1. With +1 on each Lys and Arg Cβ and -1 on each Asp and Glu Cβ, how big is the dipole of segment 273-343 about its Cα centre, in debye rounded to the nearest 20?
2. Could you give the dipole magnitude of segment 349-402 about its Cα centre, charging the beta-carbon of Lys and Arg +1 and that of Asp and Glu -1, in debye to the nearest 20?
3. Work out the FRET efficiency for Arg390 and Glu256 from their Cβ-Cβ distance, taking R0 = 25 Å, and round it to the nearest 0.05.
4. By the scheme Lys and Arg +1, Asp and Glu -1, what is the net charge of all other residues having a beta-carbon under 15 Å from that of Leu52?
5. Which order do the peptides 323-335, 340-352, 261-273 take when ranked by the mean count of other beta-carbon atoms within 10 Å per residue, highest first?
6. Taking the Cα centre of the chain as origin, work out the dipole magnitude from +1 charges on Lys and Arg Cβ and -1 charges on Asp and Glu Cβ, in debye rounded to 20.
7. When Lys and Arg each count +1 and Asp and Glu each count -1, what net charge do the other residues less than 13 Å away from Val401, Cβ to Cβ, add up to?
8. Under a point spin-label approximation (7 Å from Cα along Cα-to-Cβ), what is the Glu20-Asn187 distance to one decimal in nm?
Amino acid sequence: MTASVSSIYSQILDTIASVEPRVADATRQELSDQRESLKLIASENYASLPTLMAMGTWMSDKYAEGTVGHRFYAGCRNIDTVESVAAEHAEALFGADHAYVQPHSGIDANLVAYWAILSHRVESPTLARLQAATVNDLSESDWEALRHEFNAQKVMGMSLDAGGHLTHGFRHNISGKMFQQHSYGTNPDTGLIDYDALRATAKEFRPLIIVAGYSAYPRRVNFALMREIADEVGATLFVDMAHFAGLVAGKVFTGEENPIPYAHIVASTTHKSLRGPRGGFVLATSEYADAVDKGCPMVLGGPLGHVMAAKALAFAEARTPSFQTYAAQVATNAKALAEGLSKRGVRLVTGGTDNHLVLMDVSSFGLTGRQAESALLDAGVVTNRNSVPRDPNGAWYTSGVRIGTPALTTRGFTESDFDEVADLIAQVLANTTPTTTPKGPSKAKYVLADGVADRVHARAQELLSDNPLYPGLEL
Ligand code: DSN
């Protein structure tokens, strides 16, 4: 990093401050918070400076609804370039027939995938007309017919408490409203996906779509088997790889663990283990490509040119050998973290990990996930509480805390560092006690023993300063 990058960022912040100093202050503070905390949120990372820089330009200022070369606005040649370059890198990186890089987030990407499957698979005069029309051409009665047709369709995804995502058919998400849904869970003894049970449920439920993928399942998925089951029941296999896209890109998940050769459609975010800008994308077989490209305006607003530019850089970065080294280290570090926690008496869902995340069950410490998350934050360890399978504390308080290695691995942490991180986490958990109220033990309040937060924080600072964030960026 050259001194000039520091001075450029300094000038940028001064320019922001000249309009609204509080925004400049918060931006500076965020850098310092991220530098000084152990970021263990499994879905977060640190994008490269070129990727961040690409988002701060006038590419933001252009409307470009439509697709490359087929826009609803004039003057889109530069947006066409960044969108094509991003798609080209994504296709090459993942070996996919087609990439659609417009989705603004993972949820948007999933909605594009659902729409593409519905429009491709469901035979109906309304949908046929829709494929040849724009949204504005549809009458109210068309929409009513569509609503009816959608609701007749079935989706089967992993349940939220087993590690699936809200968008995989959860009842309080639109995916649970627009489809009839049935979820699959994990084996109560092992915590692992039970493919035989999944197959039996699919045969009975006969879904149009089987969703594979997760946000809190610490294991790999056999996508070949998922495709076999989907084929047996005539379902489309949709894989949400938002969490593990970096492990696919980095060739950690290969063979049956690589979703691309097996799924009809894959959706993802760009900012988690893939380490790009905040956003989403969809990969599809040629069969689904045209349907996916209708994402905007069917599901999405105008594409974000500045973010597609940043996605192009992130995909290009992920095609380098150093990204493969990084991805392998993410998985190695997760194992070290899991082993470090287990040997210190922390119970883990499924007993360990073979991806980038670890799900701690903190109930053996007498804590809820919420208490553990807050106590860890007091000590500078940033995590998020998460349900465990069949969680007695529900989705708000929870019994679990989810942690992951993508972010700190970007900073250069290795196995020995993660063993120390495990030690720091175990110290906090062992020294946190729920507060008792007149009504009984609180699910939110707790006491962290004197001195523990300072001690953990101090050791965390040593580990973090050995592995600086954006080294050379002096701000
Ligand atoms: N919020 C993301 C996560 O933390 O896993 C999923 O949407």
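1. So the dipole magnitude of segment 273-343 works out to roughly 320 debye.
2. Roughly 120 debye for segment 349-402.
3. 0.35
4. The answer is +2.
5. 261-273, 323-335, 340-352
6. The dipole magnitude comes to about 760 debye.
7. In short, +1.
8. 5.3 nm
Read-outs throughout are calculated quantities, based only on the coordinates presented, and are distinct from any laboratory measurement. Model, not experiment: these values are computed from the prediction. Please note: Cβ atoms are built from the backbone with ideal geometry, for glycine as well, and neighbour counts cover all protein chains shown.
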